[in-house]
Amino acid sequence: MAVANIVPKPNVCVVTDAAVFANLYNLTEQTDPAMPKNGAYEMNLTATESTIKAADEQGLFYAKQTMRQLQAVHGSNVPCLVIKDAPAYPYRGIMVDSVRHMQSVQELKKIIDAAAMFKFNVFHWHLSDDQGFRFESEVFPELIKESSVRPSSDFGKVHDNTPYGGYYTKEQMKEIVDFCHERFITVIPEFDLPGHMSAVLHAKPELSCKGEPVAIKTTAGIFPDILCAGKQEVFDFLFKLFDEVCEVFPDQYIHIGGDEAPKKYWKTCPHCQKRKAELGFTDEEQLQGYMTCRIADYLKAKGRNVICWNETLASDVLPKDLVIQNWMDKKKKCPSFANKGGRLIYSDYYHYYTDYPYDMTPVAKTYNANPVIKGQKAKENTLGVEAPIWTEHVRDFARLCYMTWPRFAAVSETGWTKPQNKNYNDFKERMIALLPVLSDMGIEAAQPKEWDPNPFTRLFGTTSFFAGTVNKEMILNFLKGNND
Ligand SMILES: [Zn+2]
C-alpha cells in the first residue's frame with residue numbers, strides 16, 4: 001500500500017512524518033469562506049492535533065471521504081501529512097441502467113455510497129427504455145400497468161421465459177435522492193427519447209407514427225418504432241410526464257437521451273412530414289433537434305437543464321446550453337460543439353462502458369482515457385466524466401459490482417486528479433489496498449489478476465465477443481492501446 005493510500009489521488013499530499021502517527025482523536029473541522037466552493041479541502045494531520053478545512057459542507061465531506069479511506073487502510077497508523085486538494089472536473093458521474101435489469105434500493109445505496117467514497121458527485125439513473133419503464137407515474141398509471149413487465153428476457157445467450165420487471169415507487173426514488181444528497185451527489189434521471197421508447201409505446205401506441213400496437217422488447221437492440229415528432233399529443237404527454245419527474249427529482253439536470261433513434265417511420269409519417277414542412281426543415285435529424293429544443297425549453301422554464309447523448313448533435317437547430325454526453329461520436333460532431341462553447345461529458349464507449357469484459361476494456365485503458373477529446377481546443381468545455389453500466393448482460397448485483405469496480409475507481413481518479421498527478425501503476429497499488437474496504441461495504445470487485453489481461457487473452461476475448469456480428473472497426477477500437 002502507499003504511505004498515504006487514497007483514491008482518487010489528492011493533488012497535493014505531503015507526508016510530513018511517516019514514522020509518527022497522526023492524532024485523529026483531536027480533530028477540528030473548520031470552514032473558510034475564502035476557499036473555492038468546488039469541493040476543495042485541506043487536511044493537516046499532526047501527532048498532536050488534526051484539522052480539516054473547506055469553504056463549505058461539501059468540501060468537508062470530501063475531506064471526510066479521504067479520512068475514511070486513510071483510517072480503513074491504515075487503521076490507527078495514519079501518518080502525519082498535509083493535503084491540499086480540489087477536483088479536476090466539476091462533473092464526476094456513474095450511470096446505472098435499471099431497465100434491462102433492476103437493482104434493489106439497498107443495492108443502489110451500496111453502489112452510491114461506494115461512489116461517494118471515491119468523490120463522485122453524479123448518479124445518472126436510466127429509468128426508461130425499450131425493455132421496461134421503471135418510474136411510478138400516477139399521472140399515467142398505464143405505464144406501470146402495461147410497460148413495467150416484459151414477458152421474457154433474451155439477452156445474448158440467456159433465454160429466460162419468466163416475465164421480468166417492476167418499478168421504483170416515488171417513495172423509493174425519493175429515498176435514493178435523499179441518500180445521494182446526504183453524500184453531495186446529484187441525481188439525473190434519464191427518460192430516453194424519441195427512440196428506445198418501445199415500453200412506453202406498448203402502453204401508449206397512439207404516440208408512435210403509425211399508432212399500431214408496439215411490443216415491449218425482450219432483446220437488446222435498436223427498434224424502428226419511436227415517438228412521433230409531429231403529433232401534438234406526444235408533447236402534451238412528455239410535458240406532463242416531465243412535470244411528474246421534476247417533482248421526484250429536484251436537481252438541475254434531466255437526461256432526455258436522444259441516442260439510436262431511427263428515422264425510418266418519420267420519413268413517411270404524415271404528421272412528421274407536415275411538421276417538417278411547416279418548419280422548413282430539410283431532413284429528419286432537424287425534427288429530432290426540434291423535439292429536443294421543445295423539451296429543453298419546457299424544462300428550462302422549470303429551472304432545469306437537459307443532457308443528451310451525442311447523436312442529438314446530428315441536428316443543427318440545438319440550443320447552445322445543451323450538455324452533450326459523448327459516448328460514440330462517429331460523425332465527429334463533439335469537438336466542434338465544444339469549440340463553439342458547448343459542454344461535454346466524456347463517456348467514451350471503448351474506454352468507459354463497464355458492461356464490456358475486462359478483456360475488451362482493461363482497467364489501464366479506462367484509467368488512461370483522456371476526457372479532452374481529439375480536436376477539442378478548450379479543456380474547460382469538458383464538464384467531466386461519467387462511466388455507465390448497461391445491464392442487458394448484468395443480471396445481478398454481484399455481476400454489477402464485478403464489472404464496475406475497480407473501473408469506476410479508475411474513472412474517479414480521472415475526474416478528480418489532475419493529469420500530471422496520475423500514474424496507473426501507482427493507482428493500481430492504492431486500489432488493491434482498498435479492495436477489502438469495498439468488500440466490507442458489500443462490493444466484490446474484480447481481482448487484480450483480471451484487470452489487465454495479456455494481449456492474446458484480449459484478442460481472443462474481444463473477437464469471440466463479436467463472433468457472428470463481425471465488426472472489424474469495433475474490434476480494432478477495443479484492442480487499441482491503453483493510451484488511445
Ligand atoms: Zn410521426
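The values are calculated or read from the model by the stated rules, or taken from the named source; none is laboratory data. Since the model is a prediction, treat every value here as computed from it, not as a measurement. A quick note on method: Cβ atoms are made from the backbone with ideal geometry, for glycine too, and the neighbour counts reach across all protein chains shown.
Each residue in the range 15-47 was checked for being β-branched (V, I, T) and touching a Phe, Trp or Tyr at 6+ places or on another chain (Cβ under 8 Å), and 0 of them qualify. Exactly one residue out of T404, T417, T462 is at pLDDT below 95 and among the polar types (S, T, N, Q): that is T462. Scanning the range 240-260 finds no residues that are within 13 Å of the ligand (Cβ to nearest atom), modelled with pLDDT of 95 or more and not basic (K, R).
Is the range 447-457 home to any residue that is out of contact with any strand residue (DSSP E or B) (no Cβ under 8 Å at 6 or more places or on another chain), in a helix (DSSP H, G or I), surrounded by 13 or more Cβ atoms within 10 Å (Cβ to Cβ) and among the hydrophobic types (A, V, I, L, M, F, W, C)? Among the residues of the range 447-457, at least one is out of contact with any strand residue (DSSP E or B) (no Cβ under 8 Å at 6 or more places or on another chain), in a helix (DSSP H, G or I), surrounded by 13 or more Cβ atoms within 10 Å (Cβ to Cβ) and among the hydrophobic types (A, V, I, L, M, F, W, C), which makes the answer yes.
Which one of A229, A277 is buried (at least 21 other Cβ atoms within 10 Å of the Cβ) and either within 16 Å of the ligand (Cβ to nearest atom) or in a helix (DSSP H, G or I) (or both)? Of A229, A277, the one residue that is buried (at least 21 other Cβ atoms within 10 Å of the Cβ) and either within 16 Å of the ligand (Cβ to nearest atom) or in a helix (DSSP H, G or I) (or both) is A229. Number of residues in the range 375-422 that are in contact (Cβ under 8 Å) with a residue 60 or more places away in the chain, over 21 Å from the mean Cα position of the chain (by Cα) and assigned to a loop (DSSP other than H, G, I, E, B) equals 1.
When the range 173-228 is filtered for residues that are aromatic (F, W, Y) and either under 30 Å from R275 (Cα atoms) or not assigned by TED's automatic domain parsing to the domain that holds I112 (or both), the ones remaining, listed by number, are F191, F223. Scanning the range 141-167 for residues that are of a type outside the set (G, A, S) and within 27 Å of the chain's Cα centre (by Cα) yields L143, I144, V149, R150, D154, F155, K157, V158, Y164, Y167. Summed over the range 204-216, residues that are buried (at least 21 other Cβ atoms within 10 Å of the Cβ) and more than 18 Å from C269 (Cα to Cα) total 1.
Within the range 423-437, the set of residues being under 23 Å from the mean Cα position of the chain (by Cα) and free of Cβ contacts under 8 Å to residues at least 40 places away in the same chain comprises just one member, L435. The residues in the range 202-214 that are within 12 Å of the ligand (Cβ to nearest atom), touching a helix residue (DSSP H, G or I) at 6+ places or on another chain (Cβ under 6 Å) and in a helix (DSSP H, G or I) can be counted, and the count is 1. Any residue at all in the range 283-290 that's in a helix (DSSP H, G or I) and more than 16 Å from the ligand (Cβ to nearest atom)? No.
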